[in-house]
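Right, one structure below, let's go through it.
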There are 6 protein chains.
Amino acid sequence: MSIENTPALPAHSREASFERGMEALTAIDGAGGQKVIDSLAVISPELGHQVVAWAFGEIYVRPGLAPRDRQLVTLGMLTALGGCEPQLEVHINAALNVGLTADEIVEALLHAAVYCGMPKALNATFVAKKVFSERGLLRAQAA
Amino acid sequence: MSIENTPALPAHSREASFERGMEALTAIDGAGGQKVIDSLAVISPELGHQVVAWAFGEIYVRPGLAPRDRQLVTLGMLTALGGCEPQLEVHINAALNVGLTADEIVEALLHAAVYCGMPKALNATFVAKKVFSERGLLRAQAA
Amino acid sequence: MSIENTPALPAHSREASFERGMEALTAIDGAGGQKVIDSLAVISPELGHQVVAWAFGEIYVRPGLAPRDRQLVTLGMLTALGGCEPQLEVHINAALNVGLTADEIVEALLHAAVYCGMPKALNATFVAKKVFSERGLLRAQAA
Amino acid sequence: MSIENTPALPAHSREASFERGMEALTAIDGAGGQKVIDSLAVISPELGHQVVAWAFGEIYVRPGLAPRDRQLVTLGMLTALGGCEPQLEVHINAALNVGLTADEIVEALLHAAVYCGMPKALNATFVAKKVFSERGLLRAQAA
Amino acid sequence: MSIENTPALPAHSREASFERGMEALTAIDGAGGQKVIDSLAVISPELGHQVVAWAFGEIYVRPGLAPRDRQLVTLGMLTALGGCEPQLEVHINAALNVGLTADEIVEALLHAAVYCGMPKALNATFVAKKVFSERGLLRAQAA
Amino acid sequence: MSIENTPALPAHSREASFERGMEALTAIDGAGGQKVIDSLAVISPELGHQVVAWAFGEIYVRPGLAPRDRQLVTLGMLTALGGCEPQLEVHINAALNVGLTADEIVEALLHAAVYCGMPKALNATFVAKKVFSERGLLRAQAA
């Protein structure tokens, strides 16, 4: 027996939103976003759809805030929420993809210590360490 | 040297509450609940006792809310709290045990995106994926 | 000088989603929901639109979870999040509107003490007290 | 029509726990605790009962941690949770009642800035300001 | 009797950090920041000192992230934390002071709905409404 | 290419604060604290500096609250925040180092159930179990 997710509502333009969102998702998150969507396919394809069609296709694509600025807000939120390390990993990659420098990201997470306290700033910084290490961006240790 | 937990208060009916709670815990959580209690035995048997005797023996057993409804509230709380993946695993199993369908659980976690945001909805959905996978409930991937 | 919110994206079916959502919002939240949307008009009409067209028009209307069950999950989330007393007020009203009894709501908030602790359970219960008082549902105090 | 809360479970020793808890509650929280219980009477007497009989009658009375130490832990938790200002007010009073000095409380909330960030430390400190003001404990402002 | 806060540690350069921080605080927060410091004088002057000398004098003044970018991160964090409406009020003013437009702020809080959920996005947007109203920045309502 | 963190501000007495903080950190956290600082060296040495020079060199060293009392507050905060298991591990060790007994720690985490709910109390207790196990402090299981 397998679950049968609730059938999607009669589509009116789900496809258009989804296409627009997928384009934005790919530009911003790269492979990381697509991997999340894929991993939802067997459990909650509608959640995957909404991440793409709503979060990216309705909100991210709006011209009112630059992609780089959206990631600054997002890094702040994910650090503050706590327990969102998988999403932080995706969005630290995204932040680099849309033009934030590694130094700006590190500085944003230092700034987070003022508002979220040291533990959450540390947790987020260690996620950045993992991402920067994978992308060859870690500073050389002082000899 | 080993710790010696504070001796229990003079019992007046700890046993009765505990027995009633253990019955409820077993009916709702199955093996998952008992495993948590067992793993507390060497560190905080009193916390184990209170989970059984108070949470289950005093609150869960009250007739004012159906077991199925209690799990809906619980799934909402655990998703919102964040960082409670071990408890979500126990309670997604519990939700299935008391009559929620896999589809209703998936839909409840999609609903959670509206109130808790996408990251927490995703974290909870991936816990559901693990539980459904272990219980053979995952939908077949579209070919 | 007044702010000029980012113009909406080229509509493809914003109206259809909005209409469907407004119908659901009215049925579930009654006047409370409409008041929130109205109060957003001068600051963030797009947020008002998304509450209606996405939260209600895309998620709430899905048949996979009964309206009553959605409110149980929602009460759990809002209690756990903390600081969401205005939304709790709307949704305790909504819960009554879709068929939960006052007693079931009180019991759900007692159940919340197990998972969120006493302070959040108390905060939510005092919101319920305000709503029930306005609707004439408070129990008569024992003489 | 008024709500009729779920009848209490067949009592086995609810009274004994309640009496013991009420004694502890009065000693620790003074009038503040009783006022919370009273205000629950018309909405959720069972929540009031559990605060007294369980939180105070089962946990607080345990000899394993001094009353003063319990309030230090409690101040930390309430500051970190956020949105629990009413409970902080009760427990800053309680902390003074069980022997913490005003200076120790202020210092504990300064310490909280390290772990919870400045906003939550500020929120808690302003609650302490209100309590200390009511009890005539505010330092004279430098002339 | 009045509390006597723990005497400050032997100063080594508290004054220098404080002066630098006060300059930054005034430039960024305007009157709002000073008011918070003043209101701490009778309860926790050291917390006031640390907000100025550490948060502003050590972190904010670092050149690694533009003031405007620091406010974007800060708005994200305060929205996500919840229960920080007083700080949001200060920082929405600050955001305007350092060059974010009202529209960018509104868009950032709409973006927050994706990551923090609707209730926290709504709470933050209503704080923005209050600030914009005080500064004459609200859009004229459609006639 | 490697990141080059923002150069430190013109030092005025960073060294003095750092030295004082490192002494405190070593006395309280033992090896655990130093390990965290070391692991920050290649990603955010300034965050490492601020943990030592500010959190320990400015706040922890203040005489207004005993080291033992600071850990009680800290255990409360870390349990309530959630998702801070790495920091809890450091601070349960620290609590033992500054004179709290294993039993007092276990009792503080039981007390946490009242204010944070069972899931967070359980998460923290399982971190204590790991630490006590490493330090040979677990109670012998009843035969």
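Each residue in the range C:44-74 was checked for being free of Cβ contacts under 8 Å to residues at least 40 places away in the same chain and either aliphatic (A, V, I, L, M) or closer than 20 Å to E:A112 by Cβ (or both), and 16 pass.
For the range A:70-81, indicate whether the set of residues that are of a type in the set (S, T, N, Q) and more than 25 Å from E:L65 (Cβ to Cβ) is non-empty. No, the range A:70-81 has no match at all.
Taking every residue in the range C:16-36 that is closer than 16 Å to C:R70 by Cβ and of a type in the set (D, E) and pairing it with any residue that is open to solvent by 60 Å² or more (accessible area, probe 1.4 Å) and modelled with pLDDT of 85 or more, at least 6 positions away or on another chain, the pairs with Cβ-Cβ distances below 8 Å are C:D29/C:N97.
Does the range A:34-57 hold any residues that are more than 17 Å from C:W54 (Cβ to Cβ) and under 14 Å from the mean Cα position of the chain (by Cα), and which are they? Correct list: A:Q34, A:K35, A:V36, A:I37. Would you pick out the residues in the range C:115-137 that are more than 17 Å from C:Q87 (Cα to Cα) and surrounded by 19 or more Cβ atoms within 10 Å (Cβ to Cβ)? Selection gives C:Y115, C:C116, C:G117, C:M118, C:P119, C:L137. Scanning the range E:81-124 for residues that are touching a residue at least 24 places away in the same chain (Cβ under 8 Å), more than 14 Å from chain D (Cβ to nearest Cβ), small (G, A, S) and outside any helix (DSSP H, G or I) yields a single hit, E:G99. Checking B:A16 against (1) more than 12 Å from chain C (Cβ to nearest Cβ); (2) within 17 Å of the chain's Cα centre (by Cα), which single condition isn't satisfied? Evaluating B:A16 over (1) more than 12 Å from chain C (Cβ to nearest Cβ); (2) within 17 Å of the chain's Cα centre (by Cα) leaves (2) as the failure.
Of all residues in the range D:15-28, exactly one satisfies the criterion of being buried (at least 17 other Cβ atoms within 10 Å of the Cβ) and either at pLDDT below 90 or not in a helix (DSSP H, G or I) (or both), namely D:S17. When D:V98, D:V90 are checked against the criterion of being open to solvent by 10 Å² or more (accessible area, probe 1.4 Å), in contact with a Gly (Cβ under 8 Å, 6 or more places away or on another chain) and more than 30 Å from A:H111 (Cβ to Cβ), D:V90 stands alone in meeting it. Taken together, the criteria place A:L78 among residues that are crowded, with 18+ Cβ neighbours inside 10 Å, outside any loop (DSSP other than H, G, I, E, B) and within 8 Å of chain E (Cβ to nearest Cβ).
Among the criteria (1) over 17 Å from A:A80 (Cβ atoms); (2) more than 17 Å from the chain's Cα centre (by Cα); (3) of a type in the set (V, I, T), the one D:V98 does not fulfil is (2). Scanning the range D:48-75 for residues that are surrounded by fewer than 24 Cβ atoms within 10 Å (Cβ to Cβ) and assigned to a loop (DSSP other than H, G, I, E, B), which turns out farthest from the other protein chains (Cβ to nearest Cβ)? Of everything passing the filter in the range D:48-75, D:A66 is farthest from the other protein chains (Cβ to nearest Cβ).
The values are calculated or read from the model by the stated rules, or taken from the named source; none is laboratory data. Note that this is a predicted model, so its numbers are computed, not measured. Ideal geometry is used to build each Cβ from the backbone, glycine not excepted, and the neighbour counts take in all protein chains shown. Heads up: the accessible areas ignore ligands, DNA and RNA and are worked out on the full protein's heavy atoms, side chains in. Shrake-Rupley method; radii C 1.70, N 1.55, O 1.52, S 1.80 Å.
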